[in-house]
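> Structure provided below as structure tokens; questions to follow.
The values are calculated or read from the model by the stated rules, or taken from the named source; none is laboratory data. All values derive from a computational prediction rather than experimental measurement. Please note: Cβ atoms are built from the backbone with ideal geometry, for glycine as well, and neighbour counts cover all protein chains shown. Ligands, DNA and RNA are excluded from the accessible area calculation, which covers all protein heavy atoms including side chains. Shrake-Rupley method; radii C 1.70, N 1.55, O 1.52, S 1.80 Å.
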Amino acid sequence: MTKALLYGLATALPLVVGAAIGLRWRIPRPALAALMAFGAGTMIAAASAELFEPAFHAVAAWHAGLALLAGAGTYVIADHVIDNKLGTAAVGWGLMLGSLLDGIPENTALGVSLGEAGGVVLLVAIAVGNTPEAIGSAAKMRETPGGSAKKVMGLWAVTGLVLVLVTMAANGAGDEIGPGHIATVQAFAGGATIAVLADTLMPEAYKEGGWWVGLTTALGFFVAFVLGG
């Protein structure tokens, strides 16, 4: 259980540190765009290689596909509700929502794979992607009316705590969670990640940075792919 706690903290701390950076400093728009694009690249690698691919090989294709679409649909609907409530101020909240929707299944998979070599790979992939995602989200949330630094930091701290608890709970129940269930949550997380990328992270990175952010996205994908290899 101590190992699960440490792994959970290793995924949660990048979120909290990233949020603190986004709240403490006003990052130039090109730098913020680069960070968001880099994070998008790492998330592309994680969604394909560490989440959906294992699920696709573990269960029937239709099963993995339905879970993938369920994850994407959950994020798309929830993000649409946030957009209707907050309008243009919804970007930061959408990214936080994405952190939860893909983070909970990711950390569940991490918790039950601590005894395998893949656990380290997934840990690195999650941690690398979490920091720029949290920086971009917190920076946007700070600009939201009523989005005080204390409130935003508290929300990210709670998000991090949830991910730690999920990792520990999944590790404790590892013997009772079958491969099919793990594949389902992995595919769900992959779908949510893809939806976050398509609806929020990549459009915002392009809006803030412009034509060159594709290069930073490719760099993030390469770094995550190498670490995962």
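> Ignoring ligands, DNA and RNA, please state the percent of accessible area on the chain from carbon and sulfur, probe 1.4 Å.
72 percent
> On the first, second and third principal axes, largest extent first, how far apart are the outermost C-alpha atoms of the range 1-97 in Å?
Each principal axis gives a Cα extent; for the range 1-97 these are 47, 40, 26 Å.
> Using a/c under 1.5 as the rounded threshold, could you call the chain rounded, prolate or oblate? The axes a ≥ b ≥ c are square roots of the C-alpha gyration tensor eigenvalues, and prolate needs a/b larger than b/c, oblate otherwise.
Judged from the Cα gyration tensor, the chain comes out prolate (a/c at least 1.5, a/b above b/c).
> Please give, to one decimal in nm, the separation of the simple spin-label points placed at V17 and K207, each 7 Å out from Cα toward the Cβ.
2.9 nm
> Based on the Kirkwood radius over alpha-carbon pairs, what is the Stokes-Einstein translational diffusion coefficient of the range 140-206 at 25 °C with 0.890 mPa s viscosity, in µm²/s?
Here the translational diffusion coefficient equals 166 µm²/s.
> How much accessible area per residue does the chain have, counting only protein heavy atoms and a probe of 1.4 Å, in square angstrom?
That works out to 45 Å² for each residue.
> Multiply the residue gap between K85 and E53 by 0.36 nm, knock off their C-alpha separation, and tell me the result in nm, one decimal place.
Working: separation 32, 0.36 × 32 = 11.52 nm, distance 3.52 nm.
Here the answer is 8.0 nm.
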